[in-house]
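As structure tokens, the structure follows; a few thoughts come after it.
Values in this text are rule-based calculations from the coordinates and carry no lab data. As the structure is a prediction and not an experimental result, all values here were calculated from the model. Neighbour counts run over all protein chains shown; Cβ positions are idealised from the backbone, glycine included.
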Amino acid sequence: MGLQPKEPHMRFAINPATTMPYDFETDLAAYRKAGFRHLELWLDKLEKYLQCHELAEARDLLQKRELEPVGACCAVELMLEDVTTRPPRLAAFKRKLELCRKLDCPTLVIVPDFPQRSDPRAYGAVERNLTTAARIAADFDVKLALEFIQGNKLIATLATAKEIVRAVRHPNLGLLLDLFHFWMDRSHAEEIDDLQPGELLLVHLNETRSGPPECMAGDEDRVFPGQGRGNVAEMVRRIQATGYDGFWSLELFDRTVWTWPIDRILSAARESLAKVEALR
């Protein structure tokens, strides 16, 4: 009997939302101490740091801590309107892309607009506007990772996000799959299976708190992998079966966890990621 092919190695990162109360410098020092080597940039934290520091100092700090950015969160309001028609919005978008470029961050996460109601006529504009955004991102050598958001009236499921990305067909636009949003809405595990190499740019790793979905309030109901009601093992297997070899970034918005000392948060994070790795 021949040897079975080994599943791709899991590469983990930490999203600073998991340690939201702590600032950029504190995050980086603690991540390095906890053994992380990859992170997403939380751009609001970075911008606050840059109020008193130069961008070169942020770059030097990342290098000193031996931390490599794999993504940045996030850009908004790119889909229902052409970003080039709103100069302040365009400037803000380009600012985020420039931060990514200067800090060697390959991917900027983008989230849908939040219309009050669904409108099937909106998707043509969404595709055109994302084409424009992807072309702008290409000028900065940054890719955009489209994240679907549970309950959103525009892009709430993996199926819709895939359809949009495939319609745009731009090399600088791909997908982000957040397990919480996947489990909380109408996405189905089988929809992962036809993901093509290069389409999936980043995975946000978490679980949904145990209990009926109707009782969930939202983002704060994410918990560490292994502590919730989702089938992490199945998701990992399905995603890896597509050939995905990118990063799995731990992202929580747990208000209780936020009250902990940062070292305790990261110790729990490392423990949960070790359990995920053991599922392979």
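Sort out for me the Cα centre separation of the range 224-280 from the range 53-112, rounded to whole Å.
25 Å
What is the Cα coordinate range of the chain on the first, second and third principal axes, sorted by size from largest, in whole angstrom?
51, 46, 46
Rounded to the nearest 500, what is the 222 nm mean residue ellipticity of the chain from helices alone, with -39500 (n - 2.57) per DSSP H run of 4+ residues and division by all residues?
Working: 10 runs with 110 residues, N = 280.
After summing the helix terms and dividing by the residues of the chain, the value is -12000 deg cm²/dmol.
So, counting K/R as plus one and D/E as minus one, what does the shell of residues with Cβ under 13 Å around Met79 add up to? If you can, show how the numbers build up before the last one.
Numbers: positive: Arg86, Arg89, Arg128, Lys153; negative: Glu77, Glu81, Asp82, Asp113, Asp119, Glu127, Glu147.
Surrounding charge for Met79 is -3.
Need the full-extension length gain, Gln116 to Ala278, defined as separation in residues times 0.36 nm minus the C-alpha distance. One decimal, nm. Walk me through the intermediate numbers first.
On the way: separation 162, 0.36 × 162 = 58.32 nm, distance 4.21 nm.
Net length gain for the segment: 54.1 nm.
Which percent of Cα pairs goes in each bin when the distances of the range 30-85 are cut into 10 angstrom slices starting at zero?
With 10 Å bins starting at 0, P(r) equals 20, 43, 24, 12, 1.
Between Ser210, Ser118, Ser187, which gets the highest mean-square fluctuation from a Gaussian network model of the chain, Cα cutoff 10 Å?
Its mean-square fluctuation being the largest, the pick is Ser118.
Separation between the Glu234 and Leu50 pseudo-spin-labels, each 7 Å from Cα along Cα→Cβ, expressed in nm?
4.2 nm
In what sequence do His188, His204 fall when counting other Cβ within 10 Å, fewest first? Working shown, then result.
Details: His188 11, His204 27.
In increasing order of surrounding Cβ atoms, one gets His188, His204.
Lysines near Lys33 by alpha-carbon distance under 27 Å, same-chain residues fewer than 8 away left out - which ones?
Leaving aside lysines fewer than 8 places away in the same chain, those within reach of Lys33 are Lys45, Lys48, Lys64, Lys102, Lys275.
Among Thr107, Leu43, Asn206, pick out the residue whose Cα is farthest towards the positive end of the charge dipole of the chain, where Lys and Arg carry +1 and Asp and Glu carry -1 on C-beta, about the Cα centre.
Positive-end residue among those listed: Thr107.
Stretch Lys64-Ala138 to full length: gain in nm at 0.36 nm per residue minus the Cα-Cα span? Working shown, then result.
On the way: separation 74, 0.36 × 74 = 26.64 nm, distance 2.85 nm.
Extending this stretch completely gives an extra 23.8 nm.
Taking amide H atoms as placed 1.01 Å from N in the peptide plane, list the residues 5 or more away in sequence, or in a different chain, whose amide H sits under 5 Å from that of His38.
Answer set, sorted by chain and number: Ile14, Glu68.
How large is the charge dipole for the range 11-278, taken about the Cα centre, if only the Cβ atoms of Lys, Arg (+1) and Asp, Glu (-1) carry charge, to the nearest 20 debye? Don't jump to the answer; show the numbers that get you there.
Working: 35 positive and 42 negative charges, 47 e Å.
Here the size comes out at about 220 debye.
Where does each of 155-167, 257-269 land if you order them by average Cβ count within 10 Å, highest first? Kindly include the intermediate steps, with their values, before the conclusion.
Numbers: 155-167: 19.3, 257-269: 16.5.
Top to bottom by mean Cβ count within 10 Å: 155-167, 257-269.
Once phi is turned into θ = phi - 60°, what whole-Hz ³J(HN,Hα) does the Karplus curve with 6.51, -1.76 and 1.60 give for every residue of the range 85-93, x standing for Gly and Pro?
Values, residue by residue: 8, 10, x, x, 5, 5, 4, 5, 5 Hz.
How far is it, in nm, from the label point at Ser267 to the one at Glu220 when both lie 7 Å from their Cα along the line to the Cβ?
That separation, rounded to one decimal, is 2.5 nm.
Provide, as a two-decimal number, the C-alpha radius of gyration of the range 70-118 over 2.2 N^0.38 Å, N being how many residues it has. List each step's numbers first, then the result.
Working: Rg = 11.9 Å, N = 49, 2.2 N^0.38 = 9.7 Å.
Against the compact-globule rule of thumb, the ratio is 1.23.
Given springs between every Cα pair under 10 Å in a Gaussian network model of the chain, which of Cys52, Cys73, Cys105 has the largest fluctuation?
Of Cys52, Cys73, Cys105, the most mobile in the Gaussian network model is Cys52.
Can you work out ³J(HN,Hα) from phi for every residue in the range 97-112, in order, using Karplus 6.51 cos²θ - 1.76 cosθ + 1.60 and θ = phi - 60°, giving whole Hz and x for Gly and Pro?
Using θ = phi - 60°, the values come out as 5, 5, 4, 4, 4, 5, 9, 6, 9, x, 9, 10, 6, 10, 10, x Hz.
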